[in-house]
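Every number in this text was worked out from the coordinates using simple rules, so none of it is lab data. None of these values were measured; they are calculated from a predicted model. Heads up, the Cβs are rebuilt from the backbone with ideal geometry, glycines too, and the neighbour counts pull from every protein chain shown.
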Amino acid sequence: MDNGLQEVISAALNRPELQTAKDGTGRRVPQLTVVGTERPMAQKAHVEPVDTVAPETVVHPVTQANSSSSLQLGHSGLRLAFWVCGFRDALLERRDQGEQLTKKEELLLTLSPRDFASVRPLVIDMTLSRLDAVVNASDLPIKPKDLSAVHPMEAFALTTLRNLSRRARRALEEDGADAALSLFGDSEGVMEPLAIFRLVFSTALDLLESFERLIPAEAGLLVRLAEALDSEVDRI
């Protein structure tokens, strides 16, 4: 992320608390409380000293991210990206209301879309990894004999979610990030990290809720899984 954008993020921390964004489709949206500006800024990552190099040999972080398949965004990076999304939404709302933004605030609006695009494949990869971890958690039934102990529709719902997660990971590896994200709905133009996370996890929650309505008794397993999906952002 550019140094200029990092300065803008620091300036944005002094702004009022952000309001939770609403999904215009009416879809259930996971509680993304991590975006709140009342929380302290994440600690800066330790940077190992490097030898001085000529300016023309310096590799821009965005270029490096695009050229290294092994580079990971990390929890701190994703959390910071969520904060930038929240700051950007708040600034857009203030500007739409006729408020004059500072130069640094305008700079965030200018630079953030480019940075969102550069880390988009990494965000999709990490989001799908988190979904896979939730639906395959150790406290959930794994073996067929364990699934037989729960309501058949609950077992079917859990298996369906696991198959969706597995298919998305395979699509990511074989066809790329766009193909993987498209499995969760209309993903064209979805660039912001927060929007990517919402699309994946709200689709999973919608799927669970559709199965819950088909079960006459209380679906304890699905309720527990839905809570895990809904609170996943707090683990980032």
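At a glance:
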read-out: Length added when fully stretched, VAL223-SER148, from 0.36 nm per residue minus Cα-Cα; value: 25.2 nm
read-out: Global form of region 125-171, assessed from the alpha-carbon gyration tensor, a/c cut-off 1.5; value: prolate
read-out: THR160, THR203, THR102, THR127 arranged by Cβ crowding within 10 Å, fewest neighbours leading; value: THR102, THR160, THR203, THR127
read-out: Inter-label distance, nm, simple model (7 Å from Cα along the C-beta direction), ASP96/SER138; value: 4.5
read-out: Förster-model FRET efficiency, 41 Å R0, ILE215 and GLU106, C-beta, rounded to 0.05; value: 0.20
read-out: Listed peptides 191-199, 151-159 by packing density, highest first (mean Cβ within 10 Å); value: 191-199, 151-159
read-out: J(HN,Hα) series, region 222-227, from Karplus relation 6.51 cos²θ - 1.76 cosθ + 1.60, nearest Hz, glycine and proline x; value: 5, 4, 5, 5, 5, 5
read-out: Local electrostatic count, GLU218, Cβ distance below 13 Å [Lys/Arg +1, Asp/Glu -1]; value: 0
read-out: Amide H contacts of GLY185 (H built 1.01 Å from N, under 5 Å, at least 5 apart or other chain); value: none
